[in-house]
Amino acid sequence: MAAASPSPVSARRQARHVTVFLDVDGVLNSYPVPKLRIVAEGRKKLQAWDYELHYKPAVVEFFDRLVETHDVDVVWLSTWSDRCKTELEPKFGLRNSFEVIEMPDETHNRYANDPHLWWKARAMEDWLDSHEHGRAIWIDDDLAAPATRDYFLDRYSSNRLKLIAPEFAKGLTKTHLKEIKEFAYPKEVS
C-alpha cells in the first residue's frame, strides 16, 4: 500500500504563517536595570557567555506559547549566534528550540545604520527575497537606525514585514507583544 502524500498547505494557512527574527540584547535582555524595575517588571537575572542578562520570564514564555499556538517559527538573529541555542535557550527555560542565523564576521552591529553592510539586514533581505510569499517580524533594538529602518519600510509592504525596535534599556513591552500577536494572527475583516 502506498503512503499517502502529505496534504498540501492551504493558501490561507500559508498566508498566515509568520517567521519571527529575534535579537537578544535590547530585546529580551536590557542591562543595566535598576533594582526597583527588576522587582516591578518581574525580571530575572542569568549569567551566560560571561555576561549578566536581565530578562522578563513572561516575554520569554510568550515566544514559546506563540510557536505552540500559532503558525509561527522563531529564528535567532543575534550576535549571540549559536550561543542562543547552547546557552540562552536552556537558561531561559525555553521549551522550544529555534533556528539560528550565525553572525558571519566580527562586525557585530557596527553597520546597523547601513542596510547594505549590516549582516542582519543582508540576512533579512536574503530571507525575504527567497521566501517571496513569506511574512516576517524582525525584532531588533538596532532597527531604530533610520537608514536601515527606512530601507526595509520602503522596500517591503507592511502586510509582509513588521519591524519592531524596542528601546535598548527597556526591551520588549506588552505593547510590542500585542503587535507581534496581531501581525502573527490578524483578525479577519468581514
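The values are calculated or read from the model by the stated rules, or taken from the named source; none is laboratory data. In this text the structure is predicted, and so the values were computed from the model without any measurement. Every residue, glycine among them, receives a Cβ derived from its backbone with ideal geometry; neighbour counts consider all protein chains shown. Calculation scope for accessible area: heavy atoms of the full protein, side chains included, ligands and nucleic acids excluded. Shrake-Rupley method; radii C 1.70, N 1.55, O 1.52, S 1.80 Å.
Using DSSP to define loop residues, name the chymotrypsin sites (Phe, Trp or Tyr not before Pro) in region 36-72 whose beta-carbon has at most 11 other beta-carbon atoms within 10 Å.
For chymotrypsin sites (Phe, Trp or Tyr not before Pro) across region 36-72 that sit outside H, G, I, E and B with at most 11 neighbouring Cβ atoms in 10 Å, the list reads TRP49.
If you project the alpha carbons of region 76-179 onto their three principal axes, what span does each projection cover, largest first, in Å?
38, 34, 31
Heavy-atom accessible area per residue, the chain, 1.4 Å probe: how many Å²?
That works out to 57 Å² per residue.
Here are some values of Cα Rg over 2.2 N^0.38 Å: (1) 1.16; (2) 1.07; (3) 1.63. Which one was computed from this structure?
(2)
Just for the chain, what percent of DSSP beta bridges are antiparallel, to the closest 5?
25
Can you give the FRET efficiency for ALA147 and VAL39, using 1/(1 + (r/R0)^6), R0 = 41 Å, r = Cβ-Cβ distance, to the nearest 0.05?
Using R0 = 41 Å, I get an efficiency of 0.60.
Assign unit charges at the C-beta atoms only (+1 for Lys and Arg, -1 for Asp and Glu), then state the dipole size of region 83-162 relative to its Cα centre in Debye, rounded to the nearest 20.
In total the dipole reaches around 360 debye.
Among ILE139, ALA112, LEU94, whose Cα sits farthest toward the positive end of the charge dipole of the chain (+1 at Cβ of Lys/Arg, -1 at Cβ of Asp/Glu, about the Cα centre)?
Sorting the options by dipole projection puts first LEU94.
List the trypsin sites (Lys or Arg not before Pro) within region 25-96 that fall in a DSSP loop (any state other than H, G, I, E or B) and whose Cβ has at most 12 other Cβ atoms within 10 Å.
Answer in residue order: ARG95.
How high is the FRET efficiency from GLU132 to GLU182, r the C-beta distance, R0 25 Å, rounded to 0.05?
0.60
Output the relative contact order of the chain, whole-number percent, from Cα pairs under 8 angstrom with separation of 6+ residues.
28
THR86 to ARG155: extension gain in nm, 0.36 nm per residue of separation minus the Cα-Cα distance?
21.4 nm
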